[in-house]
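Data first, discussion second: the structure below is written as structure tokens.
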Amino acid sequence: MRSNDHQIKKALVAFTVEKTLLDMGKPVLDAVSKKLLDDYRCYLPDCYDHPEYLKRILSELFGNAHVAIVNSIKNDLDEFSQQAPIHQFIVALS
């Protein structure tokens, strides 16, 4: 059952990150996705297990503006933030 819970949380985080980036524009989503693949050979869902990848890439691509992106992701995940794995993701991304 635990792996199913992990997969659900991973999908929730991936969806939230993708939606946030897509709200900024398809080129933003494409740039982050490409950099994840180029630098780490991974995809958006992998950021659930490796939020440091996403944090570094957002910071590299958007400088200080990455804080607004992170805040948007945090706000979208807020109702789930009492769950330890989601909370850990948010903390690692911040």
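Here, each number is a calculation from the coordinates, and none is a lab measurement. A quick note: this is a predicted structure, and the numbers were derived from the prediction, not measured. Every residue, glycine among them, receives a Cβ derived from its backbone with ideal geometry; neighbour counts consider all protein chains shown.
Principal axis extents of the C-alpha atoms in the stretch 1-49 (largest first, rounded to whole Å): 37, 23, 9.
Where does the charge balance sit around Cys47 when Lys and Arg score +1, Asp and Glu -1, over other residues with C-beta under 11 Å from its C-beta?
Once positives and negatives cancel, what remains is -1.
I need the Kirkwood Rh of the chain: take the reciprocal of the average 1/r across all distinct C-alpha pairs and report it in angstrom. By the Kirkwood definition, the hydrodynamic radius is 13.2 Å. Annotation: aspartates and glutamates with alpha-carbon distance below 14 angstrom to Lys19 (same-chain offsets under eight excluded): Asp30, Asp76. Of the residues Asp49, Asp38, Asp78, the one that moves most in a GNM of the chain with alpha-carbon contacts below 10 Å is Asp38. A crude spin-label estimate for the pair Ser59 and Gln88, with each label 7 Å from Cα along the Cβ direction, gives 2.1 nm.
The simple Förster model, with R0 at 25 Å and r as the Cβ-Cβ distance, assigns Asp30 and Ile8 a FRET efficiency of 0.45. Look at Phe89, Phe80 and count the other Cβ atoms within 10 Å of each Cβ; fewest to most, that gives Phe80, Phe89.
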